[in-house]
Structure formats: C-alpha cells, structure tokens
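Trainee: My questions will all concern the structure given below.
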Amino acid sequence: MRQLYILFLLVLPVSCIREVEMDTDQIPKQLVVNCFFTEGQAFMVDVSRLAAYPDTTDRAQTNVTVKIFADGNLLGQLPHTGNGLYSNKNIVPQRGKAYSVEVSVPGYPTATATDSLPAKVPIRGIELRRNAGVYDDGLTYDEIAVAFKDTIGANYYGLMNYDYGTYSQKWWPSHMFSSDPAIVAEGISLSDYPEFLIFNDEIFTGQEYKLRFNVGDCCDYDYINSIIYLETYTYSGYHYKKRLLKHKPYTYQDPFEPYEPVPLYTNIQNGLGIFAGYMRSSRKVVTEN
Amino acid sequence: MKRFIILLLLGLSGYVSGQSTRLYGTARDSETGEPLIGAYIFIQGTTTGVATNNSGYYSFMLPQEGPQTLVCSYIGYKPKNVKIAGNNSQAIDFLLEKGIELGEITVAGQIPTENRFGTNLTEIPVAQIKKMPALLGEPDLMRSYQFLPGIQGGTEGKAGMYVRGGGSDQNLILLDGSPLYYVNHIGGFVSIFDPDAVKNFKLYKGGFPARFGGRLSSVLDVQLNEGDQKKTQRTVSIGLLSGKYGQQGPFARGKGSYIVSLRRFWLDFLMRPASYLAFKGYSVGYNFYDLNSKFTYQADEHNKLFFSIYAGDDKLTQKYKDKLLGPDNKSTQSLKWGNLLSAFRWNHTWSPALVPDLKLTYTRYRFLDLDKYRDNSEDIRMSNQFLSRINDFGLSADFDYFGANWYHLKGGVGTTFHLLDPGINRSESSEKGQTYSDTSFGNHSITAWEQFAYLENQVDLRRIRFNLGGRLACFFPEGGKYIYAEPRLSASVPLLNKTSLTASYTEMHQFMHMLSNPTAGFSTDFWVPATASIPPGKSRQLAVGIDKQFGMFDFSAELYYKKLSDLISFKEGEVFQGNAVDWQKRVEKNGTGTSKGLELFLNKKEGLITGWISYSLAKSDRTFRNINFGETYPFEYDRRHQFNAVINIPLSDSWNFSAAWTYGSGYPITLALGKMNVITNSEYTSSSNLYSTRETGEYYGPKNSFRMKAYHRMDIGFTHTKKAYGKERIWTIGIYNVYNRQNPFYYFYKERKPWRGDHTTVLYQSSFLPIIPSVSYTLKF
C-alpha cells in the first residue's frame, strides 16, 4: 500500500516539516539489562540506562552489581569489563538450569529476570538454488532451503545468513525475505527485508521441515561464501526478536509510513531489556558462481 | 420484564385505527418524477401530519370530517395544497415544483422527521453537499459529514468516519438497504458515493431504530436516485481526479426509470506512460472506478420493483519489463480491492395502510495482492498471491403498517449467509518445468448465518412521542451460537415553543470485526467474523438532549454515553496479511471502550443563506488486557474539542459561494520518549558472538499519551451554474486549506543540522495537505 502513497505524491504537493518542542521529563528512571546467553559461552550482561530522546550522553552503567543465579543459587558476581559490559569467564550456562540475573545500581530499582536454554536443533541439510528470481532493480537473488527436525524443547527458531566480505574481512548479516508459510505466519512481509528471520514450530511440530528463504546477490560475487545459523530460543528470546524485527525507529523519515509503534518486548522485572537463552547450529555454504 | 416488553409490543401492534378516511399516495418531483423522501404532508393549520418514507410514500387518516386542506411541502420546492371535500379514502399524489423554500409557508408544530422520536438522525440535503467546498474538486458525501458534531474524519484529508468514539468498522453503511464493507478510494481520500447518483443520505449516531443492526456506532443510510421518469438526461463531469458519465431516463413507456453513473479516476492515463518513459521499463498506475445503477419499474398500482447494482474497485499495478530486469524478464505486482453489490426489491402496497417489502441482496468485498515474475529465457516462473474476501447473500422481508395517525408499526425478518475467506496465501515457483514450491496456506473458508427479526412501534401522542422496539439478532458461526435481544427506545417530550426533550437507549451487536494492518498511514483492512472463541462486539448507548426550532433555525444539544465491549485488536507487533496460522491467535479480544460527550448543533436549512455551526466535547478510550499493560488508553481519534462552521450563500442566479471552517484539538499518538540499548545482529571477525548491544532502540510512553497539535483549516468554494439551450453547465472552483495551515500529519525525530555540527536530536512535525486550489466542470444535457 505504500506505493499508493507514492502515487498520491504525484498529484498532491507534499507539505512542510517544522520543529516542535517536547517534554523530556516523562522518562522513568529505569535500567536496561541486555543479555543473550548460550551454552559454553560466559554470560555477558550489558547494563545501561533509559535516556530521554534528546539526551546524547553515555548510557552505559559502570558501577553496577550484577549477580547470576542458577536454580535460585548464587553462582557469583560479574565484574565490569568495559562500556557497561559485565562478564565472568567462569560463569557459563548449561542446559537444564534456570538462570536468573539481579542488577543493582544506586538510585535505580533492582532489575531481575530469569530464563533458561532451549534445546539445540542441528541443520540436517542445505539446498541452494542460484538465480531463483530477480529484484525490481534487475539483480538476481538465490533461494536457500534449510532442513532440520523439530524436537521436544524447541519451539521458537531464528535464522541468519552471514556473507564473508573479502574487502572488510568480516562476516556480515545479509538481508533476507521469504514466502515460506512458517515465515509469513509471523507477519514478516517481503518489504521487511530483515537481517534475521524468526518463526515457530506451530505448523511443523515434531516434524522434519525444510524452510526456504531468499538472499540477494547484491554485490554480484563470483562465489558464495556464507554461513547459515539456525537458532532456537525460549519464549522470551523469540518475542524479543520478533518485536525487534518490527521495531522501526521514529527517525525513519518516511512521510508515507507514519507507522504504529511496536514497543520492544522485555522480561526484566523493574527494568527494560532482555535476558534470554538460545542455542545455535550452523552450516557453511561455499559455491562457485 | 421480558414478558412485559413482549406484551407491550404485541399490544401496541394491534388494531389502533379508530378513523375511517385514509389519504395515501406519494410525493414526487414534478420535473423528474423522483420520489421525495421526508416531504411533509399535513392538514393546514394543524399539527397533524406525516413525512414520506424512503419510497416517497405516505398514508394517514383524516382526523375530522368536513372540508380541509392538505399541504405537501419539501425544502427547495413550492408547497402544494389539495382541498379535501368528501370523507372517502383516496389516493393523492403530489408533484412538487422546485422553487421557494419551506420557510415561506406556515407549519404548525415541528416538522416530523425521525428525530421527533428522539432518534439522533442527521440529514444534509445532497444538493447542499454538492455546493460545499470540495478537496480537489470532488464533492464527497462522507467528508461533508465530518463537519457535523460527534464525527471525526481520521487522518488529514481522508473521508473517514469515526462516530462518537467508534471505529471505522462500527458504521453500518447501507446502499439501498444493502450493507457495504469498504466505502473509500485512494486509501480513504475519496468515498465511493457519487453525489450525482445519490438521492438521500441519512446518518444515525444514536437512538437506532430496531430496523438497523449489525454495527455498534452509527448507521449511514444511502438511497440512490431512481432516475428521471420524464426524459433522458446525461451528465458529463471532469475534475482533477476523476471523470464521470451519468445517464438517466424512462423506459417501458414511463412505467420504469433508470440511472447509470460511471466514475473513473483518470490520472493513471498520464501516470502509466510517464513512469514508463521516466524509468525505462517500469510503469505504475493506479485507478478506481464506481458504477452506480438503479432500475425501477412500476408494474401496476400496487407493485413496484427495484434493481440496484454497485460495482467499484481500486487497482494498483506495477510492471517491470525487459529493459530494467534483463532480456525476456517480466514482473507484475498488482493490488485490487473493492465491492460488488446487487439488490432486488419488491415493494407491494397490500392496502393503503399495509406496505410490505421483499429484498434479495448480494454483497462481495475482496482484497487481492498478486505478484508475478517470469524469465522466459531460463523458463523460471514465480507467483505469490494473497486473497481475502467476503460474500454475503441476504434475504429480508419488511413491512410498514400505518395505523392511526399517532401510530406506525414497522417490522421485518431477514437472514444473511456469510461466506468468508479471511486470508489465503498461494505461493508457486518453477524452473524449466520443475516445480520447486506450490503451496496454499492460510485461514480456511468460514461460513456463518446471521438472522434477525424486529418490530418498531412509532407512537406520536400529544405529550410524548416514542419509538419502542426490539431486535432479535442471531449469529451462528461454525461451532458457535449467539442470540441477543436488543431493546431500542427513543422518545421525545414536546415542550412549549417547538421545543422537545429527547432521550434514547439502544443496544447493538456486531458480528463482523475489522482488523487493520498497523501501518497506520495507509492501513489495509480485513474483515473476520465472530467465532466460537471471538465473541461479537457489543455497544450500549444512552443519550439525552433537547431540540428546538425557532424561525428558520434548528438547535439541538445532546449528551451521550456509550459503552463498548468485546472489541478486538491486533496484538502488538502482529499483522494479518500473509498469516499461515489462525488469525484468532493474533488478536487481543474482550477489549472494552467508553465514549461520552456533549454535542451542540445550530442549523439554518431554510432561507437564502444556509449553513450550520456545531461544537462537540468528547472523550473516548479503549482497554485491552495485554495492550498498554492493561491500562486504559485514549482512542486513536479521541478529540476533546471540535468546532465546525459551514455557510452557503447564493450570490446571484448563477453564482454560489460556500465556506467551511473546522477546528479540532489534537489526536493522541504514541511517541517515542526515550532511547535504550538493544541486542542486534552484528558483523564479526570470528564466530564467537553474533550479537551486539551497541544499537539503539526506542522507548514509548503509555499508548496514545502524546497529543498532536490542534487541527484547523478553512475551505471555500464557488459554483457557477448556467442553463441555456436545454443544457446545464456547472463550474466548481474550490480552495482547500485557504490560509495554508500546517496541520500535524505525523511526528519524527531527527538531528537538527548535522551538516553544521548540530547533532541535537529534536522532534519534527510533518504536515500533509497545504493550500490546494481545484476546479471541475459538469455538463448536463
């Protein structure tokens, strides 16, 4: 429907933009605690504060007590490692336990959250189909099918595709789209074009499934060198990522999309952010063009 | 209590006539033969009189014997008198000539519109609407009603209608008695009703008579013209947006008449070639059309047949060809949505006092999103399709029984079969004859039966007038059953000096819910039925007020309180289109809402200068358990204050001037108030961590807690009408937003002047429609 607005532009003059005053006193004093944890990697908790929109000062919190509990028992404190990040290499999550975090900062309410690790689901196979279609601008895109089997303890999934950039020598998340029923079931449209996909097992519970998605050939590489990550999430992680996918900033200056804001999900008591476990499996795809 | 109501209804519906001389007939335009709806027929010098119904029919008893004068009057027409000498029942038809205004004759008592029974009915003559200033030269019936108290139009420039805090889906919109689901074009900037094809336009905001049901907040009853019964007439009209052709005339030696009106958006004739040339291989075009037609046939004195068809679609198509995509490649994306409606009606005059009506209707609404891609050289084909549609098949029978002059009984029964496809997706791809995917998924087809029966007792006594009725509303979705008794009462107590106190109480249920994809600016609407787990919406409305006529003015003041329950809404972050699993899992249900307000309305509808001023004070809200943390929040179009003024001045025999000014306090929106760290995917050099916490997300305050700035604007319009050589030429010139008010359309944040080193983040307001002049031309011949 957005195109319809663009059409309307052709017949109606678009008007002007002006600065307006805003009241910045409406912001509550709250901590923002962020941590995605997985098996075998030490907890890394980011602690910051909620700031008013025009506030450009550093939000990181550097004088914080961060405690980790397993099944209600204190495992220890996480020391500050810089930029508001807290980690202890000896405190590593394992499957089967409920982990809790407790974050205390003078002047703020103590923030807490609990989550666990979901089951891991391995990738059973990858199918790649080159030049499966053409974008509006004439560049082609590929289709990739990822096969896996849904297992007990895994209900929520995510998928990412990373391409290797030879110039930057970094792995970059690529934008994707999909017409797969499991993806459109989440309300993810072709125009969202996100860097990750999320879905749940409602239409393939306990079954083997082959999820199809498309990735662009935007740079016209001679060969494909990418890694596909299949992740499983808990309820909290899934809802956080799902909201994040639809969470567009107000700075998104599109006069024809005055959208309905999508607040981020949080499972932090007395605060904001996310504390959620995930498991990951991956498969490398290398193909000459 | 229930027994009492039933007994009361039955008792009132018994034989109530004590007189024996009955007068009946129709009131019509002498030039075209069109029935006149709401013409007042009364005994001169008395308050005894009736108004003609939607067929222009009246029936009433002579209150006393002896010579009397019967008068028929209608706004904009010369009144007509008929001497009644004998005491025999007889048919008297009135043919009125266009001419002087009603104010020049003496009417004792209040003119008997439905409002005298306490109904909150507003009617603006279509002729007056056509003279009002129009956006882009397109007179729009629904946009004109936004100048009435208690009605919000939604986003800037749109022809939306939010009545007394109700949603846009809560309006029952009837075209010749059949419901329509989608009534706008260009995403809401133009409504589907062509003013040249419409005869009458009534809006009920409360005190709903029992004949109406199925929506919670308002009833918009639109009657199409029947067509000129005397001569063939053609109309050609060209505006900035669309062109129209209409034709009406008699057939079957004057026994029948027809009207056909076709309107088409014509800018795509320019857009498509222009975009093709500009983008070399890419073309885009948008168009809409409306076809309104109605055929009326008077078979004999007692039987009249009607057949109406409305068809209208919006279509947006984008095409990509070889030059852009490469040799032998072609891609098409198209969106299509609209209504098809047909209605057959048989009106039979059983006796002068009993007039039954049988109606057969079919309504279809559908939304189709189709994307296709083809590469002929590689033999690759792909397509994605999303379809959502409703088919309604209806049968109903109504009757009017005109008892004594103080009593009118109305009743009816009906059934509708709903066949819905809330959303079906189909995805297909193949290469060199090999199919890679071919899947259909989505919400399965749903069927449901809706049935109703109603009775209205309109009692017009000296000290009180009321319409007491009830409606039995039933809905049978798959695996569910909903049966409701809806009491309807509206009443008025006449006081001195043409003043009345009014009060009404109504209960309504809505069996079809609308879900809008939350891309607020240009939402896509989908209709879904109540199901076994999603109950129908419910509203209860109580209103009290005062009406007064003085001279050429009507004044009304009304207080209302409306309670909404069992509302649905998307869960935060959910959308409808493309869903492969049950839509019922994506909605919040059992929502509630309240709406209350005060409406003041001063209307001058007679005399040389006409117009009105209105003010409304309103408050409406919504509550859902899992939205806004369960806290009550303001309704999206909650507007605390609204003031409107409309004036129409004939400058000469050929020139007419009109102006409209509106002021409204700001709508509530959800604004980002703060910033916070979020977890996002990031680039990496080793596979240790794909997640980063350095990105910034936004924090919103309570839902709809920020008020936009106030809205106001003035529109003016001139019409020039010239008749010569049997032709009528009309020029319409208008200016929208005369003083170029920059009204808020939406808000966003931006760094003030980063190119000059000023990185302060500030809030900006974007406006949409500035001053817009327009012109249109109409030729009637």
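The values are calculated or read from the model by the stated rules, or taken from the named source; none is laboratory data. If you're wondering where the values come from, they're calculated on a predicted model, not measured in any experiment. All Cβ positions, glycine included, derive from the backbone under ideal geometry; neighbour counts span all protein chains shown.
Trainee: Return a yes/no flag: does the stretch A:92-105 have any residue that is farther than 22 Å from B:Y691 by Cβ and of a type in the set (A, V, I, L, M, F, W, C).
Mentor: Yes - at least one qualifying residue is present in the stretch A:92-105.
Matching residues to (1) among the β-branched types (V, I, T); (2) modelled with pLDDT of 85 or more; (3) under 30 Å from A:P173 (Cβ atoms):
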residue: B:S682; (1), (2), (3): no, no, yes
residue: B:I735; (1), (2), (3): yes, yes, no
residue: B:Y764; (1), (2), (3): no, yes, no
residue: B:F768; (1), (2), (3): no, no, no
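Trainee: I would also like to ask the following. Would you point out which residue out of B:I716, B:I679 is among the hydrophobic types (A, V, I, L, M, F, W, C) and crowded, with 20+ Cβ neighbours inside 10 Å?
Mentor: Exactly one of B:I716, B:I679 is among the hydrophobic types (A, V, I, L, M, F, W, C) and crowded, with 20+ Cβ neighbours inside 10 Å, namely B:I679.
Trainee: Given the criteria more than 10 Å from every other protein chain (Cβ to nearest Cβ) and modelled with pLDDT of 90 or more, does B:S334 qualify?
Mentor: Details: more than 10 Å from every other protein chain (Cβ to nearest Cβ): yes; modelled with pLDDT of 90 or more: no.
No.
Trainee: Which residues, counting only those in the stretch B:213-254, are in a loop (DSSP other than H, G, I, E, B), of a type in the set (G, A, S) and at pLDDT below 90?
Mentor: Listed by number, the residues that qualify are B:G227, B:G239, B:A252, B:G254.
Conditions (1) within 11 Å of another protein chain (Cβ to nearest Cβ); (2) out of contact with any strand residue (DSSP E or B) (no Cβ under 8 Å at 6 or more places or on another chain); (3) within 18 Å of A:R18 (Cβ to Cβ); (4) not aliphatic (A, V, I, L, M), marked per residue:
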site	(1), (2), (3), (4)
B:V738	no, no, no, no
B:P744	yes, no, yes, yes
B:H759	yes, no, no, yes
B:V762	yes, no, yes, no
B:S766	yes, no, yes, yes
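Trainee: Given the condition charged (D, E, K, R) and either touching a helix residue (DSSP H, G or I) at 6+ places or on another chain (Cβ under 8 Å) or more than 14 Å from chain B (Cβ to nearest Cβ) (or both), answer yes or no: does some residue in the stretch A:33-46 qualify?
Mentor: To start, the set of residues in the stretch A:33-46 that are charged (D, E, K, R) comprises A:39, A:46.
With the extra rule that they be either touching a helix residue (DSSP H, G or I) at 6+ places or on another chain (Cβ under 8 Å) or more than 14 Å from chain B (Cβ to nearest Cβ) (or both), the set shrinks to none.
Looking for residues that are charged (D, E, K, R) and either touching a helix residue (DSSP H, G or I) at 6+ places or on another chain (Cβ under 8 Å) or more than 14 Å from chain B (Cβ to nearest Cβ) (or both), one finds none in the stretch A:33-46, hence no.
Trainee: Do we have B:P422 as more than 29 Å from B:D525 (Cβ to Cβ) and part of a strand (DSSP E or B) here?
Mentor: Working: more than 29 Å from B:D525 (Cβ to Cβ): no; part of a strand (DSSP E or B): yes.
So B:P422 does not fit the description; no.
Trainee: Examine the stretch B:430-452 for a residue that is surrounded by 19 or more Cβ atoms within 10 Å (Cβ to Cβ), among the hydroxyl-bearing types (S, T, Y) and in the same structural domain as B:M514 (by TED's automatic domain parsing), and state whether such a residue exists. If you could, list the steps in order and put the result at the bottom.
Mentor: Going residue by residue through the stretch B:430-452, those that are surrounded by 19 or more Cβ atoms within 10 Å (Cβ to Cβ) are B:441-443, B:448, B:450, B:452.
Next, only the ones that are among the hydroxyl-bearing types (S, T, Y) stay: none.
Within the stretch B:430-452 (the criterion being surrounded by 19 or more Cβ atoms within 10 Å (Cβ to Cβ), among the hydroxyl-bearing types (S, T, Y) and in the same structural domain as B:M514 (by TED's automatic domain parsing)), the answer is no, since none of the residues qualifies.
Trainee: Quick one: would you say B:S682 is closer than 30 Å to A:M279 by Cβ, without any contact (Cβ under 8 Å) to a residue 24 or more places away in the chain and not β-branched (V, I, T)? Talk me through it step by step, then tell me what you get.
Mentor: Numbers: closer than 30 Å to A:M279 by Cβ: yes; without any contact (Cβ under 8 Å) to a residue 24 or more places away in the chain: yes; not β-branched (V, I, T): yes.
Considered against the rule, which asks whether it is closer than 30 Å to A:M279 by Cβ, without any contact (Cβ under 8 Å) to a residue 24 or more places away in the chain and not β-branched (V, I, T), B:S682 comes out as yes.
Trainee: Follow-up question, since we're still on this one. Scanning the stretch A:142-171 for residues that are part of a strand (DSSP E or B) and surrounded by fewer than 18 Cβ atoms within 10 Å (Cβ to Cβ), which turns out farthest from the other protein chains (Cβ to nearest Cβ)? Show your work before the answer.
Mentor: First, pick out the residues of the stretch A:142-171 that are part of a strand (DSSP E or B): A:142-149, A:156-165, A:170-171.
Next, only the ones that are surrounded by fewer than 18 Cβ atoms within 10 Å (Cβ to Cβ) stay: A:145, A:147, A:149, A:164-165, A:170.
On the way: A:A145: 9, A:A147: 14, A:K149: 20, A:Y164: 10, A:G165: 8, A:K170: 5 Å.
Applying the filter and picking the extreme gives A:K149.
Trainee: Shifting gears a bit: Taking A:T62, is it more than 20 Å from A:N267 (Cβ to Cβ) and among the hydroxyl-bearing types (S, T, Y)?
Mentor: yes
Trainee: Could you say which residue among B:E599, B:E606, B:E588 is surrounded by fewer than 19 Cβ atoms within 10 Å (Cβ to Cβ) and either modelled with pLDDT of 90 or more or part of a strand (DSSP E or B) (or both)? Write out each step before concluding.
Mentor: Values: B:E599 fails: surrounded by fewer than 19 Cβ atoms within 10 Å (Cβ to Cβ); B:E606 fails: either modelled with pLDDT of 90 or more or part of a strand (DSSP E or B) (or both).
Exactly one of B:E599, B:E606, B:E588 is surrounded by fewer than 19 Cβ atoms within 10 Å (Cβ to Cβ) and either modelled with pLDDT of 90 or more or part of a strand (DSSP E or B) (or both), namely B:E588.
Trainee: How many of the residues in the stretch B:722-739 are exposed (fewer than 15 other Cβ atoms within 10 Å of the Cβ) and over 30 Å from B:R234 (Cα atoms)?
Mentor: Of the residues in that region, 1 qualify.
Trainee: Does any residue of the stretch B:513-530 turn out to be within 14 Å of another protein chain (Cβ to nearest Cβ), surrounded by 18 or more Cβ atoms within 10 Å (Cβ to Cβ) and of a type in the set (D, E, K, R)?
Mentor: Yes, that holds for at least one residue.
Trainee: Is the stretch B:647-660 home to any residue that is closer than 27 Å to B:A543 by Cα, assigned by TED's automatic domain parsing to the domain that holds B:G551 and part of a strand (DSSP E or B)?
Mentor: Checked against the condition, which is being closer than 27 Å to B:A543 by Cα, assigned by TED's automatic domain parsing to the domain that holds B:G551 and part of a strand (DSSP E or B), the stretch B:647-660 yields no hits at all.
Trainee: Also: Kindly list the number of the only condition in (1) modelled with pLDDT of 95 or more; (2) in contact with a helix residue (DSSP H, G or I) (Cβ under 8 Å, 6 or more places away or on another chain) that fails for A:D136.
Mentor: The single condition A:D136 does not satisfy is (1).
Trainee: Condition first: more than 7 Å from chain A (Cβ to nearest Cβ) and either closer than 21 Å to A:C35 by Cα or outside any loop (DSSP other than H, G, I, E, B) (or both). Now tell me which residues in the stretch B:691-710 satisfy that.
Mentor: B:S692, B:R694, B:E695, B:T696, B:F706, B:R707
Trainee: Which residues, counting only those in the stretch B:242-279, are of a type outside the set (F, W, Y) and surrounded by fewer than 14 Cβ atoms within 10 Å (Cβ to Cβ)?
Mentor: Across the stretch B:242-279, the qualifying residues are B:A252, B:R253, B:G254, B:L270, B:P273, B:L277, B:A278.
Trainee: Looking at the stretch B:539-554, is at least one residue assigned to a strand (DSSP E or B), in contact with a Pro (Cβ under 9 Å, 6 or more places away or on another chain) and at pLDDT 85 or above?
Mentor: Taking the stretch B:539-554 and keeping what is assigned to a strand (DSSP E or B), we get B:539-550, B:553-554.
Add one more test, that the residue is in contact with a Pro (Cβ under 9 Å, 6 or more places away or on another chain), and what stays is none.
No: the stretch B:539-554 contains no residue that is assigned to a strand (DSSP E or B), in contact with a Pro (Cβ under 9 Å, 6 or more places away or on another chain) and at pLDDT 85 or above.
Trainee: If only one of B:L174, B:L203 is within 26 Å of B:F526 (Cα to Cα), modelled with pLDDT of 85 or more, in a strand (DSSP E or B) and in contact with a helix residue (DSSP H, G or I) (Cβ under 8 Å, 6 or more places away or on another chain), which one is it?
Mentor: B:L203
Trainee: Taking the stretch A:270-289 as the region of interest, how many residues are more than 13 Å from chain B (Cβ to nearest Cβ), polar (S, T, N, Q) and in contact with a Ser or Thr (Cβ under 8 Å, 6 or more places away or on another chain)?
Mentor: 1
Trainee: Which residues, counting only those in the stretch B:267-314, are over 30 Å from B:K255 (Cα atoms) and in contact (Cβ under 8 Å) with a residue 40 or more places away in the chain?
Mentor: Answer for the stretch B:267-314, where residues must be over 30 Å from B:K255 (Cα atoms) and in contact (Cβ under 8 Å) with a residue 40 or more places away in the chain: B:F279, B:K280, B:G281, B:Y282, B:Y286, B:F288, B:D314.
Trainee: Something else now. Restricting attention to the stretch B:655-673, which residues are modelled with pLDDT of 90 or more and either small (G, A, S) or touching a Gly at 6+ places or on another chain (Cβ under 7 Å) (or both)?
Mentor: If the condition is that a residue be modelled with pLDDT of 90 or more and either small (G, A, S) or touching a Gly at 6+ places or on another chain (Cβ under 7 Å) (or both), then B:S658, B:A659, B:A660, B:G664, B:S665, B:G666 are the ones that fit.
Trainee: Inspect the stretch A:172-180 for any residue being surrounded by fewer than 21 Cβ atoms within 10 Å (Cβ to Cβ), free of Cβ contacts under 8 Å to residues at least 24 places away in the same chain and either more than 11 Å from every other protein chain (Cβ to nearest Cβ) or on the phi < 0 side of the Ramachandran plot (or both) and give the result as yes or no.
Mentor: There is at least one residue in the stretch A:172-180 that is surrounded by fewer than 21 Cβ atoms within 10 Å (Cβ to Cβ), free of Cβ contacts under 8 Å to residues at least 24 places away in the same chain and either more than 11 Å from every other protein chain (Cβ to nearest Cβ) or on the phi < 0 side of the Ramachandran plot (or both).
Trainee: Considering only the stretch B:366-385, I want to know if a residue exists there that is under 30 Å from B:Q90 (Cα atoms) and either at pLDDT below 90 or buried (at least 20 other Cβ atoms within 10 Å of the Cβ) (or both).
Mentor: For the stretch B:366-385, residues under 30 Å from B:Q90 (Cα atoms) and either at pLDDT below 90 or buried (at least 20 other Cβ atoms within 10 Å of the Cβ) (or both): absent.
Trainee: Is at least one residue of the stretch A:192-210 closer than 30 Å to A:A51 by Cβ, modelled with pLDDT of 95 or more, surrounded by fewer than 22 Cβ atoms within 10 Å (Cβ to Cβ) and more than 10 Å from chain B (Cβ to nearest Cβ)?
Mentor: For the stretch A:192-210, residues closer than 30 Å to A:A51 by Cβ, modelled with pLDDT of 95 or more, surrounded by fewer than 22 Cβ atoms within 10 Å (Cβ to Cβ) and more than 10 Å from chain B (Cβ to nearest Cβ): absent.
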